[in-house]
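These notes concern the structure reproduced below.
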Amino acid sequence: MRPIIGVVARPYMTDNGRYVMCILDNVRNSVIRSGGIPLLILPTQNINYYNNNEAPLTDKDKEILDKQISLCDGILMPGGDKIYFYDYYICSKANELNIPLLGICMGMQLMCNYNNNNKNIKVENHKEPNLNYVHNVNISKDSVLFNIIKKDNINVNSLHNYTVPNSGDYEVCGKCNNVIEAIEKKNSAFNIGVQWHPEKNYDENDQHLFNSFITACQNYRENKDSL
């Protein structure tokens, strides 16, 4: 069976003013095309997340999130506009349980910030939503990411206004000048964050990244089933 990929939901308001929790269609398609089954991980509180309302998680909130996480063979933290308490909890839990984890854009920033007090920094010339390729990223040759993509320099899209000042408890494995563009933990099932959107272009490099993530999720599933 294909692995179940938990995709963390993002708040959104439709054109007719209805509040929804959603997944970007490119993310959904990329997971499916790479061999996974997307499953939304939903926040639990009866609040309007779109208007940035939230409250610290209760034990009951954590219990419901734990149940959702237990259904997943991997976690995808997608891009977005705001990091919520449920994001921090899910990211922390994935690290604690060594569940394969892929962070995209804000998801990467979350991975850098989930266990410290980083303050994101405004960055110029990195938000170009209408372009498929905006700048290059230099990838460390001794990194897991290099072993996946097999290149030390790639061109990527860019949709972010902010960057992180440091990578927290992750290793930096990709940069554009002084901007952190990719992070990882080597001794893990799969734990990589990228600042660009691999689901947007889904080019050869992005496909390698998604395929490697889904393979790690499949391995995690098989090991979990054998216990």
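Observations on the structure shown:
- Residue within the range 52-70 that is within 18 Å of the chain's Cα centre (by Cα) and either at pLDDT below 95 or under 23 Å from THR14 (Cβ atoms) (or both) present: no
- Counting only residues that are out of contact with any helix residue (DSSP H, G or I) (no Cβ under 8 Å at 6 or more places or on another chain) and of a type in the set (A, V, I, L, M), the range 52-77 holds 2 of them.
- All positions within the range 126-142 that are polar (S, T, N, Q) and either farther than 18 Å from GLN207 by Cβ or free of Cβ contacts under 8 Å to residues at least 40 places away in the same chain (or both): ASN130, ASN136, ASN138, SER140
- Residues of the range 166-194 that are among the polar types (S, T, N, Q), out of contact with any Leu (no Cβ under 9 Å at 6 or more places or on another chain) and either in contact (Cβ under 8 Å) with a residue 40 or more places away in the chain or crowded, with 23+ Cβ neighbours inside 10 Å (or both): ASN166, SER167.
- Residue list for the range 23-47, restricted to those being under 15 Å from CYS217 (Cβ atoms) and not aliphatic (A, V, I, L, M): SER30, ARG33, SER34, GLY35, GLY36, PRO38
- Annotation note: Cβ proximity below 6 Å between a residue of the range 144-165 that is without any contact (Cβ under 8 Å) to a residue 24 or more places away in the chain and a residue that is of a type in the set (S, T, N, Q) and surrounded by fewer than 19 Cβ atoms within 10 Å (Cβ to Cβ) (sequence gap 6+ or interchain) occurs for ASN153/ASN136; ASN153/ASN138; ASN155/ASN136.
- Residues that are surrounded by fewer than 18 Cβ atoms within 10 Å (Cβ to Cβ) and not basic (Lys, Arg) number at least 2 in the following helices (runs of 4 or more DSSP H) confined to the range 53-165: 59-70, 85-97, 144-149.
- Only listed residue being among the β-branched types (Val, Ile, Thr), out of contact with any Asp or Glu (no Cβ under 8 Å at 6 or more places or on another chain) and more than 19 Å from TYR220 (Cα to Cα), chosen from VAL7, VAL20: VAL20
- Only one of TYR88, TYR84, TYR50 that is more than 24 Å from ASN117 (Cβ to Cβ) and among the aromatic types (Phe, Trp, Tyr): TYR50
- Selected residue (criterion: farthest from HIS197 (Cα to Cα)) from residues of the range 23-50 that are exposed (fewer than 15 other Cβ atoms within 10 Å of the Cβ) and within 20 Å of the chain's Cα centre (by Cα): LEU42
- The residues of the range 1-44 that are in contact (Cβ under 8 Å) with a residue 40 or more places away in the chain and either small (Gly, Ala, Ser) or in a loop (DSSP other than H, G, I, E, B) (or both), listed by number, are MET1, ARG2, PRO3, GLY6, ILE23, LEU24, SER30, SER34, GLY35, GLY36, PRO43, THR44.
- Being buried (at least 18 other Cβ atoms within 10 Å of the Cβ), farther than 19 Å from GLY74 by Cβ and of a type outside the set (S, T, N, Q) is a condition met by at least one residue of the range 197-207.
- For the range 48-98, the set of residues classified as of a type in the set (D, E, K, R) and more than 28 Å from GLN218 (Cα to Cα) consists of GLU54, ASP59, LYS60, ASP81, LYS82, listed by residue number.
- For the range 208-227, the candidate set comprises residues that are touching a helix residue (DSSP H, G or I) at 6+ places or on another chain (Cβ under 8 Å) and over 28 Å from ASN118 (Cβ atoms); within that set, the residue that is surrounded by the fewest Cβ atoms within 10 Å (Cβ to Cβ) is HIS208.
The values are calculated or read from the model by the stated rules, or taken from the named source; none is laboratory data. Keep in mind that what you see is a predicted model, and the values were worked out from it rather than measured. Don't worry about glycine lacking a Cβ; one is built from the backbone with ideal geometry, like all the others, and counts go over all protein chains shown.
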